[in-house]
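Throughout, read-outs are computed from the coordinates displayed, never taken from laboratory work. None of the values given here were measured: they were computed from a predicted structure. Every residue, glycine among them, receives a Cβ derived from its backbone with ideal geometry; neighbour counts consider all protein chains shown.
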Amino acid sequence: MSKDVESMPLRPGGAIGRRKSLISRIILNREIYLMALPGLILLAIFRYMPMYGITVAFKDFNVIKGILGSPWIGFENYERLMSSSEFKRAFGNTLSISVLRMIFGMPLPIILALSLNEVRNMLYKRSIQTIVYIPHFISWVVVAGIFMDLLSPSTGLINRLIEVLGGKPIFFMTNLKWIRTVVVGSEIWKESGWGAIIYLAAITGVDPELYQAASIDGAGRWRQTIHVTLPAIKGTFNVLLIMRLGGLMGANFEQIYMMYNPTVYAKIDVIDTYVFRTTFDTLDFGYTTAAGLFSQVIGCILLLSSNTLVKRMGGRGMY
């Protein structure tokens, strides 16, 4: 019996077979792997090696002693984190701003892409595309300056218009009532054009024969959009939705940092800005590392959960 077992050939699906298959693919595509090697090395150095630093979140970190010499304190930093009213405020602001961006920011690129798809004058269409996606390439430093000038209570165009209509100037950048609207609106203005280009790229991949078949069946442009175009961009929407949910705990540090000030901390101080400010105010690296790790873990859970949910609903996830 043992001889029969020993003489049985290994199944291709076994571990050894899979290992040989992987090695064979690497040898066969060695030029591609060599081209990817510098990028993989940089990824390992700057993304994976620094991950050891998250141990600081569980230590009473001392700069002189270093990471290895600092004593372990378990979850004490997290206990302080959960009892901090400022962190709870930053956590709530992060969720609120990210959800508002997702609710108001995701439909607009789709509407813009569908509208541009109906334009038949190619020169006009390309001109509009260029105009709407240029803001994506403008730094947030410049965008923040533009909005501060537009919303200035003394010289801003918006406040001049409000005064002409009989209203009083509004200090938008220091007003707790308006600051979230400014933050969300500026992000939508900057990124909607780029999102529309992504959806337009998906729309161009639709087989024209599908539109012809729908037209023969009596479907007008509206029904063609509903029954042909929207299903065609569903996969793109799913991927962007998963990415949005995965980044729910990241409320765009650069934008918030450029636009906020102490008078509006209560409304737009998010986790990233809270960690940045607290780190340099207190030099309590263990505490701020714990705050950053907490948000990243939640983001990872949201990413995995949303990907699984999309796949269970019949869509295609990111992996």
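Worth pointing out:
- Length-normalised contact order of region 241-303 in % [C-alpha pairs under 8 Å, at least 6 apart]: 50 percent
- Kirkwood Rh, Cα atoms: Rg over Rh of region 12-58: 1.23
- Length-normalised contact order of region 126-217 in % [C-alpha pairs under 8 Å, at least 6 apart]: 30 percent
- Euclidean distance of C-alpha centroids, region 37-93 and region 248-319, integer Å: 14 Å
- Amide hydrogen proximity for K59: with H placed 1.01 Å from N in the peptide plane, the residues at 5 or more positions away or on another chain lying under 5 Å are I73.
- Whole-number percent relative contact order across the chain, with pairs defined as alpha carbons under 8 Å at least 6 apart: 24 percent
- Magnitude of the charge dipole, the chain, Cβ model with Lys/Arg +1 and Asp/Glu -1, debye to 20: 680 debye
- Between I242, V182, W222, the Cα set farthest toward the positive side of the dipole of region 69-312 (charges on each charged residue's Cβ, about the Cα centre) is that of W222.
- Among the listed pairs K190/K234; K59/K311; K125/K234, those beyond 29 Å (Cα-Cα): K59/K311
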